[in-house]
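Below is one structure, written out as structure tokens, with a few remarks after it.
Nothing in this text is a laboratory measurement; each read-out follows from the coordinates by a stated rule. Because the structure is predicted, anything quoted here is derived from the model rather than measured. Neighbour counts are summed over all protein chains in view; Cβ atoms, including those assigned to glycine, are modelled from backbone coordinates with ideal geometry.
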Ligand SMILES: Cc1ncc(COP(=O)(O)O)c(C=O)c1O
């Protein structure tokens with residue numbers, strides 16, 4: 001089966017890679033809910049622990065269901081190695097703990113998930129890793145922020161919630177010229193729409209909680225990259241510190257990956273329909289969506305992404321009061337922080353996902369009080385539109 005792997009298209013890999021059928025002949029991937037694995041003898045146990053013999057030891061290190069998920073996602077992202085983690089934040093933390101040390105410097109996009117910013121500014125700082133934040137799409141700002149001790153550049157593209165985009169190949173070239181690694185949080189696009197490793201990045205980070213699951217059931221994350229950085233350094237943190245992926249969650253993600261290609265196409269089509277409609281609405285000041293020609297990096301998105309994604313944000317006239325009115329007038333759309341679900345979700349970033357940022361940081365990041373983020377789901381676009389229209393028409 002694996003002989004064909006290199007020739008398979010992404011949709012096929014998403015369904016077929018990673019399942020090594022057991023003697024039972026099961027068609028669907030099995031779940032291995034076990035915390036440890038049994039050895040045939042004391043000598044075999046010793047050989048496994050010393051690393052002389054490959055194989056499972058303890059589920060904090062490896063588990064066959066998690067391994068199946070890791071193999072499948074690695075193949076889809078085009079990476080040598082993948083490590084599953086307990087959440088997307090655990091993936092970012094493990095990457096930093098594995099690849100950075102006290103005295104190292106990190107350059108991060110200003111437009112990353114709010115909790116990621118807090119991880120860098122509050123917690124990594126305690127261990128002597130300093131972070132400089134820059135505007136995502138400003139390549140000269142990245143260049144000026146890099147110092148001799150800079151080890152890692154970190155970003156999300158498209159960003160959350162403003163869907164800003166950076167030219168990954170150009171930033172990767174800059175990173176490598178200056179001896180840095182480039183990590184891309186690929187949560188919004190998934191490998192169906194964007195493969196950062198092919199574009200020159202060194203590491204791909206995922207919150208599997210989002211589109212990889214696709215139905216809002218489980219927390220999980222992953223890091224993909226080469227065998228040394230990910231298979232040794234990041235994996236070393238997971239097996240030692242313990243934010244490992246549960247086998248049940250890995251199984252849910254395996255099932256999610258099987259439909260990822262189809263779902264992403266449907267999310268893109270629905271989001272484009274909603275974004276185009278919002279752009280024409282008189283109560284909407286601005287729509288942020290890479291699929292719109294008005295998006296400042298629309299052309300870059302067309303080159304490096306295979307679709308615009310399912311997330312849009314829009315600013316209503318009337319600040320927080322108006323934004324909350326639109327949100328509170330919905331009857332179907334869910335008011336919840338998650339995204340990447342079949343169910344459309346809506347949030348007010350300034351008071352939820354980005355609520356912990358200082359007013360100055362919010363302003364710098366463009367998180368205004370009138371901004372609403374919508375993660376467009378798979379319901380009929382006409383029903384999503386009718387649900388948003390109720391509040392918007394009343395403004
Ligand atoms: C872009 C992005 N990265 C990472 C995370 C963190 O993922 P998790 O909630 O699985 O820890 C999130 C969560 O919303 C996110 O939106």
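Tabulated data for the structure shown
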item	result
Per-residue [θ]222 nm for the chain (sum of -39500 (n - 2.57) over DSSP H runs n ≥ 4, rounded to 500)	-10500 deg cm²/dmol
Calculated FRET value between residue 393 and residue 173, using beta carbons and R₀ = 45 Å, to 0.05	0.40
Order of 76, 245, 89, 332 under a 10 Å beta carbon neighbour criterion, fewest first	332, 89, 76, 245
Burial ordering of 105, 348, 267, fewest other beta-carbon atoms within 10 Å first	105, 348, 267
Length-normalised contact order of the range 153-307 in % [C-alpha pairs under 8 Å, at least 6 apart]	23 percent
Contour excess over end-to-end distance, with Cα ends at residue 286 and residue 141 and 0.36 nm allotted per residue	49.7 nm
Distance-filtered residues of the range 170-185 - backbone nitrogen under 11 Å, label point 7 angstrom along residue 352 Cα→Cβ	none
Prolate/oblate/rounded call for the range 287-350, Cα gyration tensor, a/c under 1.5 rounded	oblate
DSSP bridge pairs, the chain: antiparallel proportion in percent, nearest 5	55 percent
Approximate spin-label separation residue 7-residue 332, in nm, with each point projected 7 Å along Cα-to-Cβ	4.4 nm
Paramagnetic label zone (point 7 Å from Cα along Cα-to-C-beta, residue 364; backbone N under 12 Å) in the range 157-192	none
Ranked by how many other beta carbons lie within 10 Å on average, peptides 226-232, 68-74 from highest	68-74, 226-232
For q = 0.09, 0.20 Å⁻¹, Debye-computed log10 I/I(0) when each Cα of the range 25-162 counts as one equal scatterer	-0.42, -1.19
Which of 19, 206 has the fewest Cβ neighbours within 10 Å, and the rest in rising order	19, 206
The chain - Debye-derived log10 I(q)/I(0), Cα point model, q = 0.09, 0.11 Å⁻¹	-0.53, -0.79
